[in-house]
Amino acid sequence: MMSITPAASPAWQALQTHAKTMHQITLQDLFAHDEQRFDRFSLSLNGLLLDYSKNRITDETLQLLLNLAEATQLPQMREALFTGEAVNLTEGRAALHTALRDPRRDGAVGGDMTILPQIHAVLDQMQDCVQRIREGDWKGFTDEPITDVVNIGIGGSDLGPLMVCEALRPYAHPRLRMHFVSNIDAAHLLQALAGLKPQTTLFIIASKTFTTQETLTNAHSARRWFLEQGGQEEDIAKHFVAISTNPRAVSEFGIDPANRFGFWDWVGGRYSLWSAIGLSIAISVGMDRFRELLAGAHAMDQHFRKAPLARNMPVILGLLGVWYHNFLGATAHAVLPYDQPLHRLPAYLQQLDMESNGKSVDRQGRAVHYSTGPIIFGEPGTNGQHAFYQLIHQGSHLIPCDFLAPCQSHYPLGEHHEMLLANMLAQAEALMQGKTQEQVAHEMQEAGHSPAEIAALAPHRVFAGNRPSNTLLFPKLDPKTLGMLLALYEHKVFVQGVIWNINSFDQWGVELGKQLARQVLKDLRQDAPPSPHDASTQALIQTVRRYRQS
Ligand code: F6P
């Protein structure tokens with residue numbers, strides 16, 4: 001892989017020049033002069049429709065962005081991803097989450113014949129466990145079937161499974177309640193345990209490394225709770241399973257090696273829901289549905305790998321982000337699912353995107369002088385509308401939005417879903433069209449306002465419009481569609497990482513805080529000898545110590 005400086009490429013410079021002309025063109029103009037705009041700027045795959053026509057782009061913009069993709073070797077890097085090259089340079093690892101959804105039981109992945117059989121062996125192990133739990137054959141220490149499953153994990157070992165279990169709740173097994181504990185705050189664990197019976201509870205300890213402080217602390221506390229509530233040491237095997245790449249630590253914790261579901265260092269934490277980390281999903285919705293989720297992701301993988309760049313959904317989404325962040329001054333991106341079951345999608349995408357592309361040195365270790373990963377935020381519609389949309393409509397930031405919605409709900413009730421969809425479509429339209437001073441004045445006049453009132457209030461009621469968005473529509477949120485959607489975002493993040501020439505697969509930025517927390521934990525003890533800290537941290541430590549004594 002050659003060393004690339006994207007901002008020095010002619011393609012980048014051409015985009016800078018082009019951005020100056022695009023600053024003067026509005027979305028309203030673009031639609032007014034082009035009746036085919038929706039047809040030209042939309043794509044669909046297996047029922048998943050991406051409308052990207054409400055973006056501040058022309059054919060020329062797209063062509064220039066595609067030139068940048070070629071200049072930064074996106075096609076070559078994409079192939080390197082799929083064939084298991086060590087794209088995660090700083091850790092010398094491949095990032096082969098795409099292999100996890102490959103339906104072939106054998107064959108080569110990048111020349112390696114061992115990968116697919118290993119993946120399918122774990123899937124078979126999961127299938128056996130899932131079946132026994134769902135059919136009531138996995139019995140607890142009083143010979144009763146499992147009713148509650150508690151997944152203990154954090155980051156990628158929590159957000160993906162939690163988000164998918166919530167999204168696919170309409171498919172959930174009626175006897176099995178799923179619980180997720182991630183925070184080291186005991187409130188999280190104790191609230192989850194309240195009302196649970198140890199004899200019918202199964203704990204999944206999900207941790208790639210099996211060294212994560214939060215997960216191990218929660219796991220030990222859960223184990224203690226289990227023993228205090230009547231479970232015996234010899235019952236642990238029936239009530240604790242682990243998902244990890246670290247067999248030694250799993251055994252040391254006391255979990256039966258037969259109850260460990262393995263995966264591999266080439267599965268990044270935030271890309272791991274497709275591996276055994278997805279066990280809680282499979283328990284909840286069944287192995288067939290889990291395989292449908294994988295199939296959806298695989299369909300998107302195939303599309304990403306094979307479709308021409310100009311008709312490639314993840315490529316288009318990635319390039320649009322680059323356009324806004326590097327050439328039109330945006331720093332944030334909103335993800336707005338109009339579907340309550342997708343309520344944890346924004347949190348999941350925050351980790352996926354911000355942990356992947358929150359970098360400021362390039363793949364060669366040089367400081368970058370252009371912006372990289374955006375701030376991702378969002379809430380399900382319509383809640384966000386009554387909270388932060390004000391800023392998106394009238395604030396001083398440019399915030400591109402993704403609207404997502406199923407056209408049919410799993411929860412039909414009166415006109416609720418039509419109203420939900422109407423709100424979403426109206427928001428995207430309002431962001432684009434805005435409302436001029438003349439329109440506002442006219443409306444106020446019709447409503448009987450005086451000229452003085454109109455002069456005073458009209459400026460506050462004007463919407464500049466010209467605010468871009470993508471809309472993703474699909475018939476219904478089923479496992480396959482969800483798989484496609486999630487893989488779409490994974491590849492979008494990858495595309496952007498390639499264009500910015502950063503490593504999307506490491507996360508060194510989380511380490512310093514972890515390291516310092518170990519020292520601060522010691523310093524919080526009442527009898528701790530003084531240790532060097534800045535004056536602020538020192539004073540805060542002293543205050544915590546004082547307050548904890550009172
Ligand atoms: O702290 C960040 C991180 O390493 C994430 O990337 C990861 O998903 C999470 O911690 C949990 O890690 P593990 O699965 O090893 O417990």
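Residues of the chain were split at every exposed loop site, defined as GluC sites (Glu not before Pro) in a DSSP loop with at most 12 other C-beta atoms within 10 angstrom, and the longest piece left, sites excluded, is 136-414. Size of segment 58-135: Rg and Dmax of its alpha carbons, in Å, are 18.2, 57.
Listed values for segment 16-27 are Karplus-derived 3J(HN,Hα) couplings in whole Hz (6.51 cos²θ - 1.76 cosθ + 1.60, θ = phi - 60°), namely 4, 5, 4, 4, 4, 6, 6, 4, 8, 9, 9, 4, and x replaces Gly and Pro.
Compute the FRET efficiency between Asp137 and Glu511 as 1/(1 + (r/R0)^6), taking r as their Cβ-Cβ distance and R0 = 45 Å, and round to the nearest 0.05. That gives a FRET efficiency of 0.55. Karplus-derived 3J(HN,Hα) values for segment 78-86, using 6.51 cos²θ - 1.76 cosθ + 1.60 with θ = phi - 60°, are 4, 5, 4, 4, 5, 9, x, 5, 6 Hz; glycine and proline are entered as x.
What do you get for trypsin sites (Lys or Arg not before Pro) in segment 74-109 restricted to DSSP loop and a cutoff of at most 15 other Cβ within 10 Å of the site's Cβ? Within segment 74-109, the qualifying trypsin sites (Lys or Arg not before Pro) (loop, at most 15 other Cβ atoms within 10 Å) are Arg104, Arg105.
Looking at the chain only, what percent of DSSP beta bridges run antiparallel? Nearest 5 please.
Details: 12 of 41 bridges.
Beta bridges within the chain, antiparallel portion: roughly 30 percent.
Close amide H contacts of Ser42 (hydrogens built in the peptide plane, cut-off under 5 Å, sequence separation of 5 or more or a different chain): Tyr52.
In the chain, the ratio of gyration radius to Kirkwood radius, Rg to Rh, stands at 1.00 when only Cα atoms are counted.
Among all lysine pairs in the chain that are eight or more places apart or on different chains, how many have alpha carbons less than 17 angstrom apart?
Numbers: Lys54/Lys435; Lys139/Lys197; Lys139/Lys238; Lys197/Lys238; Lys208/Lys514; Lys306/Lys492; Lys359/Lys492; Lys514/Lys522.
Number of lysine pairs found: 8.
Computed over segment 100-255, the percent of Cα pairs more than 22 Å apart is 45. Between Arg93 and Asn88, the built amide H atoms are under 5 Å apart, and every one of these is 5 or more places off in sequence or on another chain.
Size descriptors for segment 245-386: radius of gyration and Dmax over Cα atoms are 18.8, 55 Å. Of the trypsin sites (Lys or Arg not before Pro) found in segment 134-237, those in coil by DSSP whose Cβ has at most 16 other Cβ atoms within 10 Å are Arg175.
Per 10 Å bin, what is the whole-percent P(r) computed from every C-alpha pair distance within segment 38-91? Percent of pairs per bin, in order: 20, 31, 35, 14, 0. Cβ-Cβ distance of Ala310 and Leu521, R₀ of 51 Å, FRET efficiency by 1/(1 + (r/R0)^6): the value works out to about 0.45. Working note: Karplus 6.51/-1.76/1.60 with θ = phi - 60° gives segment 38-43 the couplings 4, 4, 7, 10, 8, 9 Hz, where Gly and Pro are set to x.
Using per-residue counts of other Cβ atoms within 10 Å, averaged over each peptide, order 239-248, 324-333 from highest down. Intermediate results must be reported in sequence, preceding the final value.
Numbers: 239-248: 21.6, 324-333: 18.8.
Taking the mean over residues of other Cβ atoms within 10 Å, the ranking is 239-248, 324-333.
Close amide H pairs (under 5 Å, H built 1.01 Å from N) link Phe180 with Asn151, residues at least 5 positions away or on another chain.
One quarter of the surface of the convex hull around the alpha-carbon atoms of segment 237-320 equals 7.2 nm², the direction-averaged projected area. Of the peptides 342-350, 110-118, the ranking by mean beta-carbon count within 10 Å, highest at the top, reads 342-350, 110-118.
Bear in mind that the values in this text are calculations on the coordinates, not laboratory data. Note that the structure is predicted; figures quoted are calculated from it, not measured. Neighbour counts run over all protein chains shown; Cβ positions are idealised from the backbone, glycine included.
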